Amino acid sequence: MSDQRLLTIPTFSIMLEHHTIMRDIIREMDETSEPYVYEATFIARLHRYIQGQNRDKRKQLRTAFSTDNLLAAHILVDKDEFGGESRLIFDRSVIGVFRLFDRSLFQDLTDVALKLQLGGIRLLLAKLQSSATLFSDIDLDFKELIDELFHRLSELLNSIRLNLVKMQVINQELSEASELAAKSDNPKVFSVLQRESIEKISLLLSRHILPTRQFLDEKSRLKDGRNLFECLQSLRNQFDLHQDHQRSTAMLRYEVSFNSFHSQISKVSQSVDQFLARSKKRLKQFNAIEIAFGDLVKELDATKHNLKRSQIDGQFARDNGAFLGLMQHARPKVLRISSSEAYLNNVVSDIEARVTDQSLLKQHQYVDLASSIDNSTERRLERAERIYNLVKQMQMTEYKDLTIALQRRLKSHLPDYHFVDLLEGLNFLVRSESMLDGHTVKVTNFRNRLRQEDTVYLYRKIRTERVDQ
């Protein structure tokens, strides 16, 4: 390594420019679950990286990443000897900066880490509740106590936010890897990948997701003291008691933020549970098929060596259980929709029904739909005519959601308005070029909901666009 020295800012700038080195080192530390990296590992990683650089860049990197320079720049907080090997311990704030560059490097929150942070918040709460504390910003001890409290809460909130993102990314990556494994033609590859995915996501669930979800559950009861939300409520009460309403409101905002994270992480937990159940079932089925196939191959080999055995003994099927009743099931038939007689008959019937409806529409200018209040013929005719006149008077323009626009008009002018009236109006509108007034109707794939009393209807949005002449 070089004997030259650089200042902290130039050293850190070079480290940021070549952040791949530190990202690999941090990943190495996370995999070994250690807060340090061996100097030999660090130097080896640096040498591999600088091989692709020019001469001047190599010299610069050797200078910046030398152990002595990193210590002098306060990027390394310590270098010690343990078991005959030299270990490097980086400043936590430096490591935190590089973690921001890669979601996979976000610091994992385990049960121990969460309890340590909660313990610090409890200690600060106890000091605020003690009679010796003077609730005044003039008191420097109180001001320092408040600053530490908000720093801890903000740090905890940010840690949970980053971990939630990491959990979602890992869950998505493992699910995709599992799906790729299921499509593999090689049985051994499928088995290995499925087992690895189950192991990784089981670890994610037990070590990170479940502890964090329990930590953020306001109903959880801890043996060693108050949970997070009980601490926040007690802090809020203390601030209210001393008429410090701004800080009391801040505690309330923290409660809402942490509570929202609980619902999000619960969704991740449910997704992981479903993934595990699906993967275990798939692996169990695969193993059952592999075992049955192996037994079948052995029985087949026995018939090849013994000329008197022309077929596999039926006892094999009875003992195995996987083949019982197999011959009783009909062989699956191929569904040929294009040449199916039943399918063609349905198509013809549907066309005939649509033609009949169209002729009725032209004759009577309404669609015979029953109202929700009175199903008599006269009432239906009268109501259909009224809906037709209302829709005809509706000024047509470019609507992003024609259904909502039509509902507002009908609902304000029709007594006992019901969802069926909206359907009737839409039928009039989309079938009449004069009502569309030079606009075209396009049914989108975007969905929306309409509520009618206690019923919610899900529909696809209809958009109108003006047709250029």
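The values are calculated or read from the model by the stated rules, or taken from the named source; none is laboratory data. These figures come from a predicted structure and were not determined experimentally. Here the Cβ is made from the backbone with ideal geometry for all residues, glycine too, and neighbour counts use every protein chain on show. Note: accessible area is taken over every heavy atom of the protein model, side chains too, but ligands, DNA and RNA are not part of it. Shrake-Rupley method; radii C 1.70, N 1.55, O 1.52, S 1.80 Å.
Things worth noting here:
- Only residues that are surrounded by fewer than 13 Cβ atoms within 10 Å (Cβ to Cβ) and within 18 Å of residue 461 (Cα to Cα) were counted across the stretch 380-399, and they come to 2.
- Members of the stretch 409-422 found to be in a helix (DSSP H, G or I), of a type in the set (A, V, I, L, M, F, W, C) and under 15 Å from residue 389 (Cα atoms), listed by number: 410, 422
- Matching residues in the stretch 235-245 - criterion: being touching a residue at least 24 places away in the same chain (Cβ under 8 Å) and either under 16 Å from residue 130 (Cβ atoms) or under 35 Å from the mean Cα position of the chain (by Cα) (or both): 235, 238, 242
- Inter-residue pairs, beta-carbon under 8 Å, first of a type outside the set (A, V, I, L, M) and in the stretch 291-306, second outside any helix (DSSP H, G or I) and open to solvent by less than 60 Å² (accessible area, probe 1.4 Å), 6+ apart: 299/312; 303/312
- Residue 235 vs. criteria open to solvent by less than 60 Å² (accessible area, probe 1.4 Å), out of contact with any His (no Cβ under 6 Å at 6 or more places or on another chain), in a helix (DSSP H, G or I) and under 30 Å from residue 142 (Cα atoms): yes
- In the stretch 110-117, the count of residues that are closer than 17 Å to residue 254 by Cα and either of a type outside the set (A, V, I, L, M, F, W, C) or at pLDDT below 75 (or both) is one or more.
- When residue 420 is tested against (1) free of Cβ contacts under 8 Å to residues at least 60 places away in the same chain; (2) open to solvent by less than 20 Å² (accessible area, probe 1.4 Å), only condition (2) is not met.
- When the stretch 400-416 is filtered for residues that are more than 40 Å from the chain's Cα centre (by Cα), on the phi < 0 side of the Ramachandran plot and open to solvent by 20 Å² or more (accessible area, probe 1.4 Å), the ones remaining, listed by number, are 412, 413, 415.
- Residues satisfying the stated conditions in the stretch 6-35, i.e. surrounded by fewer than 13 Cβ atoms within 10 Å (Cβ to Cβ) and part of a loop (DSSP other than H, G, I, E, B): 7, 33, 34, 35
Results for (1) outside any helix (DSSP H, G or I); (2) in contact (Cβ under 8 Å) with a residue 40 or more places away in the chain; (3) of a type in the set (Phe, Trp, Tyr), shown as yes or no for each residue.
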position	(1), (2), (3)
208	no, yes, no
217	yes, yes, no
247	no, yes, no
250	no, yes, no
253	no, no, no
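- Residues in the stretch 36-50 that are more than 12 Å from residue 21 (Cβ to Cβ) and either at pLDDT below 85 or open to solvent by less than 50 Å² (accessible area, probe 1.4 Å) (or both): 36, 39.
- Within the stretch 423-447, the set of residues being touching a strand residue (DSSP E or B) at 6+ places or on another chain (Cβ under 7 Å) and surrounded by 14 or more Cβ atoms within 10 Å (Cβ to Cβ) comprises 430, 439, 441.
Every residue, every condition in (1) farther than 30 Å from residue 264 by Cβ; (2) open to solvent by 30 Å² or more (accessible area, probe 1.4 Å); (3) polar (S, T, N, Q); (4) at pLDDT 85 or above, yes or no:
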| site | (1), (2), (3), (4) |
| --- | --- |
| 75 | yes, no, no, yes |
| 80 | yes, yes, no, no |
| 99 | no, no, no, no |
| 120 | no, no, no, yes |
| 125 | no, no, no, yes |
| 143 | yes, yes, no, yes |
| 147 | no, yes, no, yes |
| 164 | no, no, no, no |
